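The values are calculated or read from the model by the stated rules, or taken from the named source; none is laboratory data. What you see is a predicted model, and the numbers here were worked out from it, not measured in a lab. FYI the Cβ positions are ideal-geometry reconstructions off the backbone, even for glycines, and counts take in every protein chain you see. With ligands, DNA and RNA removed, areas are computed over all heavy atoms of the protein, side chains included. Shrake-Rupley method; radii C 1.70, N 1.55, O 1.52, S 1.80 Å.
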Amino acid sequence: MKGFRSQGGDAVAELDDEERLVVARIVADVALLLGADAFGEGYDEPAPASDSDDPFEYLRGFEDSIREPSDPAILRLLPNAAPTDREIADEFRRLTDGELRATKTRRLRRIWDQLSSGSNGGGADDWVVPADEALATAAALTDVRLVLASRLGLVTDDDAERLHVEIDLAAHALDGDDETALPVDHERVWLGMLYQALTWLQESLVEFMVEASEETDV
Amino acid sequence: MDTQRDVEREGAVATALDDPWVTIVWNDPVNLMSYVTHVFQSYFGLARAVAEQRMREVHEHGRSVLSSGPREKMEADVQAMHSYGLWATLQRSGE
């Protein structure tokens with residue numbers, strides 16, 4: 001994996017086939033959490049806004065209050081906008097929930113498309129993000145990292161720091177034949193390594209945006 | 001860490017300007033400092049140095065008031081922050 005760098009005005013990263021697959025899958029998983037249809041083979045055009053025969057379906061969101069998500073990962077994507085005022089929080093969720101889910105899903109979908117197509121303009125391993133889509137891509141990477149962080153139980157800055165140490169120790173334990181090493185939770189280590197890789201990838205994308213904005217400032 | 005007083009001071013400024021609501025962005029362990037700064041710059045149109053200062057406030061004091069104004073505007077600001085994966089809340093100024 002190579003982080004994003006500027007190439008002909010676009011942000012271009014390099015991911016091998018396996019890395020593309022892993023990122024595409026986690027992006028699709030997060031979209032599923034948001035209530036989107038599964039991203040998958042044979043998908044061509046976005047489905048029509050509604051397959052339902054109910055002409056008032058789109059109005060339902062305006063009638064019912066939408067409940068706060070019970071999954072902490074989804075709650076992190078769609079957080080409480082007024083923790084001390086239930087009425088304001090409910091009103092905000094009622095007004096924004098659908099649009100936020102749609103925006104987030106659209107951005108995730110775009111990444112999935114870019115990583116699933118054989119080539120999107122560059123070399124075989126290139127992940128090409130046009131400059132004007134960089135912020136939307138960085139936002140989608142944030143959403144994926146928020147979900148992973150929630151699953152990993154990262155609540156404080158210290159938790160995030162400890163994850164690095166934990167992954168290093170696990171990598172060490174997996175490398176060696178040290179029988180006294182602590183047992184390794186493989187799933188947790190895998191999620192942790194994915195989290196770190198996406199953090200690094202996002203960092204490089206933000207760096208690209210900062211450099212691009214500095215150039216236009218001059 | 002005297003975050004409460006900071007928030008109250010921000011709130012007082014907002015009240016003086018007759019803006020009844022504020023948007024607050026909260027710290028979290030996931031968002032990158034560079035990303036938060038960039039979002040503040042591009043969404044709120046802040047100069048880089050100001051955006052960086054607000055980001056540091058969030059990171060070091062746990063939160064920062066990013067905007068103030070009528071409730072509808074604050075709802076739009078909070079929604080935008082949520083779309084970028086930042087945790088933002090709105091409340092009446094001075095609360």
- [ ] Only one of these is aliphatic (A, V, I, L, M), modelled with pLDDT of 90 or more and closer than 23 Å to A:D143 by Cβ: A:A49, A:A131. Name it.
- [x] A:A131
Open item on the list: What are the pairs with Cβ atoms under 8 angstrom where one residue, in region A:69-88, is modelled with pLDDT of 95 or more and the other, located anywhere, is among the acidic types (D, E) and not in a helix (DSSP H, G or I)? Sequence gap at least six, or different chains.
Closed with: A:L75/A:E68; A:N80/A:E68
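Under the condition of being without any contact (Cβ under 8 Å) to a residue 12 or more places away in the chain and aliphatic (A, V, I, L, M), which residue from region A:155-170 is farthest from B:P29 (Cα to Cα)? Show your work before the answer.
Step one: of region A:155-170, the residues without any contact (Cβ under 8 Å) to a residue 12 or more places away in the chain are A:155-162, A:165, A:168.
Imposing the further condition that a residue be aliphatic (A, V, I, L, M) reduces the set to A:155, A:160, A:165.
Numbers: A:V155: 6, A:A160: 6, A:V165: 15 Å.
Selected residue: A:V165.
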- [ ] Tally the residues that are surrounded by 18 or more Cβ atoms within 10 Å (Cβ to Cβ) and at pLDDT below 95, restricting the search to region B:70-95.
- [x] 1
Task: Filter result for the condition that a residue is acidic (D, E), more than 12 Å from every other protein chain (Cβ to nearest Cβ), in a helix (DSSP H, G or I) and within 22 Å of the chain's Cα centre (by Cα), over A:E166, A:E133, A:E161, A:E99 - done: A:E133
Task: Residues being farther than 26 Å from A:E215 by Cα and either basic (K, R) or open to solvent by 80 Å² or more (accessible area, probe 1.4 Å) (or both) - total across region A:2-21 - done: 4
Task: Top-ranked residue of region B:24-63 - restricted to ones that are in contact with a strand residue (DSSP E or B) (Cβ under 6 Å, 6 or more places away or on another chain) and open to solvent by less than 40 Å² (accessible area, probe 1.4 Å), ranked as farthest from the other protein chains (Cβ to nearest Cβ) - done: B:E57
Open item on the list: List the residue pairs whose Cβ atoms are under 8 Å apart, where the first residue sits in region B:74-95 and is more than 7 Å from chain A (Cβ to nearest Cβ), the second is surrounded by fewer than 19 Cβ atoms within 10 Å (Cβ to Cβ) and at pLDDT below 95, and the two are 6 or more positions apart or on different chains.
Closed with: B:R92/B:P20; B:S93/B:T15; B:S93/B:D19; B:S93/B:P20; B:G94/B:E8; B:G94/B:A12; B:G94/B:T15; B:E95/A:T84
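So, A:V155, is that one at pLDDT below 90, of a type outside the set (D, E, K, R) and open to solvent by 20 Å² or more (accessible area, probe 1.4 Å) or not? Steps first, please.
Details: at pLDDT below 90: no; of a type outside the set (D, E, K, R): yes; open to solvent by 20 Å² or more (accessible area, probe 1.4 Å): yes.
Taking the combined requirement at face value, the residue does not satisfy it.
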Open item on the list: Could you list, ordered by first residue, the pairs with Cβ atoms under 6 Å in which the first is in region A:15-28 and outside any helix (DSSP H, G or I) and the second is open to solvent by less than 10 Å² (accessible area, probe 1.4 Å), at least 6 apart or interchain?
Closed with: A:L15/A:W127
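Residue by residue, here is whether (1) within 17 Å of B:V78 (Cα to Cα); (2) modelled with pLDDT under 95 holds:
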| position | (1), (2) |
| --- | --- |
| B:R9 | no, yes |
| B:A16 | no, yes |
| B:D19 | yes, yes |
| B:T37 | yes, no |
TODO: Answer yes if at least one residue in region A:60-67 is surrounded by 15 or more Cβ atoms within 10 Å (Cβ to Cβ) and either at pLDDT 95 or above or touching a strand residue (DSSP E or B) at 6+ places or on another chain (Cβ under 9 Å) (or both), and no otherwise.
DONE: no
